[in-house]
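These notes concern the structure reproduced below.
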Amino acid sequence: MSFILPKGGPYLMAHSVGCLPAGAQDALARAVLDPWAQGDPWPHWLMAIEDFRSALANLLGGAPDDYCPQPNLSAGLFSLLSGLPHTKKRGAVLVSAHAFPSLLYVIQQLHDSGLTLKILPPNADPGDPQLWADAMSDEVCAVVMMHVHSNTGVVTPVADVAAIAQQRGVFSIVDIAQSAGILDVDLPGMGVDAAIGSCVKWLCGGPGAGFLWVRPNAIHALTPPNIGWFSHEAPFAFQSGFRYAPDARRFWGGTPSVAPYALAKEGLRLISDIGVATIRAHNRGLIARLNVSFDPDRSGGTLCLRLGDGAVQRLKNKDVKFDQRDGLSRLSFHIWNTDQDADLVAAALERFS
């Protein structure tokens, strides 16, 4: 098995934390701990981060220089929005009411810089591009989309919304935390201006390995204020005057963490080797064994089911690893799950009673 699975019943929590790759501990030692013990580790550490950027580009499209490591999604969104040109009359950021709350917090906190939050109505279907178009009025300067909504599993038609945004001069950002590793993601092909993501979920990369991606011809329009010497065009020249790096490194900041990215590289390698298409087909096949309502064209990899107390308790009695949010039970089948796992869940559900 390529992953180390938790003990007990089926692990269906890829939407939260992916399983540990079997080679992760050795990869961390080779990239971080061994060079540290041997002295002069920085050349090795920086190469580990470059390997991380290259692995992202290999899986998600674009070039390594288009990616910048970030500690998490919120930091990536702050870096992008805080450096985005806007005016008093055009400073609204449009998001779905079902967006991950942390992203809403970031936008709200940028109020003093002139940005305001505009939310699609809670009953609006984020899978309908016309609703995004109707809300993308003249005061909107940016739109932030969840590729897959974590609470519902609904997929946003990112390319359609991005095309509308481009026509109206609106900067488009997509959050791929719940789609990377389970759905096909080609960031340049989506037509968005930027993306934020995390490796902790379907990419099985552990916490702390976030990232942002920026379309090359959009980079120079962004001037993030949260900078450091690794944001400089020549960080090791140690010059007193600051000049932004010409690529996505301008969003980097000060001295970076290394271990999260060296660790995440092993997950990225493993997911690439297995193939996202293979993982998605396996996910769909296991979901089909449950005989539940599921639209594969409008959904990510997570089942979000409103279950009765009886079904929830039966899942817990079988030691199924899942979670609950807003009255919905979330279950995600990844490549490590088996037909037997799906059949056990199917028996526990028994018409959701």
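The values are calculated or read from the model by the stated rules, or taken from the named source; none is laboratory data. All values reported here derive from a predicted model rather than from experimental measurement. Note that each Cβ is placed from the backbone with ideal geometry, even for glycine, and that neighbours are counted across all protein chains shown. Each accessible area value is taken on the protein alone, full model and side chains, heavy atoms only, with ligands, DNA and RNA left out. Shrake-Rupley method; radii C 1.70, N 1.55, O 1.52, S 1.80 Å.
Look at (1) in contact with a strand residue (DSSP E or B) (Cβ under 6 Å, 6 or more places away or on another chain); (2) farther than 17 Å from ALA259 by Cβ; (3) part of a helix (DSSP H, G or I) and you find that LEU81 fails only one, number (1).
Of the listed requirements (1) at pLDDT below 95; (2) of a type in the set (Gly, Ala, Ser); (3) within 26 Å of THR87 (Cβ to Cβ), GLY153 misses just one: (3).
Taking each residue of region 102-116 that is at positive phi and looking for partners that are open to solvent by less than 30 Å² (accessible area, probe 1.4 Å) with beta-carbon atoms closer than 9 Å, six or more apart or interchain, yields GLY114/GLY91.
The residues listed here are PHE294, PHE333; of these, the one that is surrounded by 13 or more Cβ atoms within 10 Å (Cβ to Cβ) and in contact (Cβ under 8 Å) with a residue 60 or more places away in the chain is PHE333. What are the residues in region 35-72 that are assigned to a helix (DSSP H, G or I) and among the acidic types (Asp, Glu), if any? Selection gives GLU50, ASP51, ASP65, ASP66.
Residues in region 188-237 that are in contact with a Pro (Cβ under 7 Å, 6 or more places away or on another chain) and in a strand (DSSP E or B): 2 in all.
Matching residues to (1) assigned to a helix (DSSP H, G or I); (2) buried (at least 17 other Cβ atoms within 10 Å of the Cβ):
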site	(1), (2)
VAL106	yes, yes
HIS111	yes, no
PRO121	no, no
ALA133	yes, no
ASP138	no, no
CYS141	no, yes
SER150	no, yes
GLN166	yes, no
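Do the conditions hold for ASP175, that is, is it within 23 Å of MET13 (Cβ to Cβ) and open to solvent by 30 Å² or more (accessible area, probe 1.4 Å)? So ASP175 fails the test.
Within region 1-30, the set of residues being within 13 Å of GLY205 (Cβ to Cβ) and among the aliphatic types (A, V, I, L, M) comprises ALA14, VAL17, LEU20, ALA24, ALA27, LEU28. If only residues of region 72-89 that are more than 17 Å from PRO225 (Cβ to Cβ) and at pLDDT below 95 are counted, the one that is least open to solvent (accessible area, probe 1.4 Å) is THR87. Just the residues that are in contact with a helix residue (DSSP H, G or I) (Cβ under 9 Å, 6 or more places away or on another chain) and open to solvent by 50 Å² or more (accessible area, probe 1.4 Å), please, taken from region 26-53. Within region 26-53, ASP26, ARG30, LEU33, ASP34, TRP36, GLN38, TRP42, PRO43, HIS44, MET47, GLU50, ASP51 meet the criteria. The set of residues from region 178-203 being within 19 Å of ARG284 (Cβ to Cβ) and either open to solvent by 10 Å² or more (accessible area, probe 1.4 Å) or without any contact (Cβ under 8 Å) to a residue 40 or more places away in the chain (or both) comprises GLN178, LEU183, ASP184, VAL185, LYS201.
Assess whether GLY206 counts as being farther than 18 Å from LEU103 by Cβ, under 20 Å from the mean Cα position of the chain (by Cα), open to solvent by 10 Å² or more (accessible area, probe 1.4 Å) and not β-branched (Val, Ile, Thr). So GLY206 fits the description; yes.
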